[in-house]
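Here's the structure we're looking at; comments come further down.
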Amino acid sequence: MNVPLLDLKVQHDAIADEIGLAVSGVLNSQHFILGPEVRALEEAISSYCGADYGIGCASGSDALLLAMMALNIGPGDEVITTPFSFFATAGCIARLGAKPVFVDVDAGTYNIDPAALQQAITPKTKAILPVHLFGQCAAMAAIDDVATAHAIPVIEDAAQSIGADFGGRRAGSLGLMASFSFYPTKNLGGAGDGGLITTSDAEVADRLRAMRAHGAKKKYFHDTVGINSRLDSLQAAILGVKFRYLENWTEARRRNAMTYRRLFGQSGLDDSGHITLPQDSVGGRHVYNQFVIRAERRDDLRLHLKERGVGTEVYYPLPLHLQECFAYLGYKRGDMPVAELASEEALAIPIYPELKAPAIEYVVDSIAGFYSNQ
Ligand SMILES: *Cc1c(COP(=O)(O)O)cnc(C)c1O
C-alpha cells in the first residue's frame, strides 16, 4: 500500500469543475489584483474566525511581516516567540531588524510555555508571537494574562490552525492580529502562495491595507514605506471555493485522529513507551494540520515507514534558536531542552481529510511492526 503524507490531487479531483469555473470567472473579468474575489474571501475568512477585518496578502510569511510592520517593530525591539516552528515565525522579526527572543515550548502541545514567557519580558518587548502549531491553539488564556499585565500586543501565527478554537473563540480572534497562510499544504491551501491577516482593530486594519500597498492609503501618496504584498484574485477565487469545504475537511481530519487513537490504543503501542500520541486540545478544537507523534528511534522508524510506502515528515529537525542565521543571538544547545528533544522525536504521519480507515490501519500496523521486531 502507498500512503502519502498528503494527497492534494484527490482533493482537487473532487472539486475540479467548481475550481475551473472560479478560475475562468477571474480570467474573463481580467481583474487580477485585489478584485471582488479577494474582498469576498477577506470577508468570509474574517467572519469565520470571529474577527472584524481580513487583509489578504501574498503569503503567510508576509502576513507575519506586515503584522510586525503595523506595530512599527524594528531595531532595538524584542519579540518573544517559540523556537519550535516554521522559520518564517522568527524570520519576520529578524528581517525588520528586531530581536527574536525564544522561550521554550510545552512538551505536550509543542506550543509556547506561558511560564517561560513571563520570564522573558523586558522593557524592550514589543510583541508576543505565539504559534498555534500543528492545528492546536497555544495556551492563550495564560499568554493573555502575561500580555495584559505588561500591555504587550499578541500576534497569533495561525498559519497551521484555521478553524481551531480556544475557550470557544477561534484562532484569528485571540490576539490583536493573526496571520494565516494558504500555502498548498495548509488546511485551506491555494494553488500557490497566499496569506491573510485578521484583526478587529479598525486602525490596525487600515495600516495593514496601506502596508501591503507600499504604505499608500491613497494611491500614489505614501505616508510610510510599505511593501507590495497582495493576494491574487485567482488565488482568492480558488480559495473561495475550497473554503466552503473547510469545515467538512476539518471534521474528517479530526475523525482520522480519533481512528489513530483507537487503533494505537488497540495495538498497545500507546502504552508501550515507544511512541507518544499528540495531546488533543486542553482548551479547544484541534484541527490537525499535522498528526505529530513522538517516536523512539524516530529516524529509523521513518526509514521503515518509507520502505512500507508510508509518507512522513519531520517538523522541525532544527529548532530556530540553533539555526545558523541566528548564531549572533548567542543561543546554544541545551537552552531550549523541550524544543530540542521534540526536534529529535517528532514525526508527522498522514492525517489528510481523504485518508481512509484501511490506510490508517496500515500506518499503525507498520509502526507496530517496527517496534515488535526489536
Ligand atoms: C506555513 C507557515 C508560515 C508561512 O506561511 P507561507 O505562506 O509559507 O509564507 C508561517 N508560520 C507557520 C507556523 C507556518 O506553518
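The values are calculated or read from the model by the stated rules, or taken from the named source; none is laboratory data. None of the values given here were measured: they were computed from a predicted structure. Methodologically, a virtual Cβ is constructed for each residue, glycine included, from the backbone with ideal geometry; neighbour enumeration extends over all protein chains shown. What goes into the accessible areas is simple: the full protein's heavy atoms, side chains included, and nothing from ligands, DNA or RNA. Shrake-Rupley method; radii C 1.70, N 1.55, O 1.52, S 1.80 Å.
Quick notes
- Top-ranked residue of region 268-283 - restricted to ones that are under 11 Å from Thr109 (Cβ atoms) and in contact with a Phe, Trp or Tyr (Cβ under 7 Å, 6 or more places away or on another chain), ranked as least open to solvent (accessible area, probe 1.4 Å): Pro278
- Region 350-368 residues that are farther than 17 Å from His286 by Cβ, paired with ones that are in a loop (DSSP other than H, G, I, E, B) and open to solvent by 40 Å² or more (accessible area, probe 1.4 Å) (beta carbon under 7 Å, 6 or more apart): Glu354/Asp7; Ala359/Met1; Tyr362/Met1; Ser366/Arg308
- Boolean, Ala40 is more than 16 Å from the ligand (Cβ to nearest atom), outside the structural domain of Leu329 (by TED's automatic domain parsing) and either among the aliphatic types (A, V, I, L, M) or more than 17 Å from Ala120 (Cβ to Cβ) (or both): yes
- None of Ile162, Ile121 is touching a helix residue (DSSP H, G or I) at 6+ places or on another chain (Cβ under 8 Å) and surrounded by fewer than 24 Cβ atoms within 10 Å (Cβ to Cβ) except Ile121.
- Any hit, region 182-192, residues being at pLDDT 95 or above, within 20 Å of Leu71 (Cα to Cα) and open to solvent by less than 50 Å² (accessible area, probe 1.4 Å): no
- The set of residues in region 124-145 that are surrounded by fewer than 20 Cβ atoms within 10 Å (Cβ to Cβ) and either assigned to a helix (DSSP H, G or I) or free of Cβ contacts under 8 Å to residues at least 24 places away in the same chain (or both) comprises Ala141, Ala142, Asp144, Asp145.
- Test for Arg230: is it basic (Lys, Arg), open to solvent by 30 Å² or more (accessible area, probe 1.4 Å) and outside any loop (DSSP other than H, G, I, E, B): no
- Residue in region 30-38 that is among the β-branched types (Val, Ile, Thr) and touching a Gly at 6+ places or on another chain (Cβ under 7 Å) present: yes
- So Gln118, is it at pLDDT below 95 and either within 22 Å of Tyr328 (Cβ to Cβ) or not aromatic (Phe, Trp, Tyr) (or both): yes
- Test: residue in region 66-81 that is in contact (Cβ under 8 Å) with a residue 12 or more places away in the chain, over 25 Å from Pro317 (Cα atoms) and within 12 Å of the ligand (Cβ to nearest atom): yes
- Some residue of region 305-326 being in a loop (DSSP other than H, G, I, E, B), within 23 Å of Ile93 (Cβ to Cβ), in contact with a His (Cβ under 8 Å, 6 or more places away or on another chain) and open to solvent by 10 Å² or more (accessible area, probe 1.4 Å): no
- Positions within region 62-97 being touching a Pro at 6+ places or on another chain (Cβ under 7 Å) and more than 17 Å from Asp335 (Cβ to Cβ), in sequence order: Leu71, Val79, Ile93, Ala94, Gly97
- Hey, Ala22 within 16 Å of the ligand (Cβ to nearest atom), in contact (Cβ under 8 Å) with a residue 60 or more places away in the chain and of a type in the set (A, V, I, L, M, F, W, C) or not: no
- Residues being over 19 Å from Phe86 (Cα atoms) and more than 16 Å from the ligand (Cβ to nearest atom) are represented in region 174-195 by at least one member.
- Scan region 82-108 for residues that are out of contact with any strand residue (DSSP E or B) (no Cβ under 7 Å at 6 or more places or on another chain) and either more than 10 Å from the ligand (Cβ to nearest atom) or modelled with pLDDT under 95 (or both) and the total you get is 7.
- Residues of region 74-87 that turn out to be at negative phi and surrounded by fewer than 24 Cβ atoms within 10 Å (Cβ to Cβ), as a count: 6
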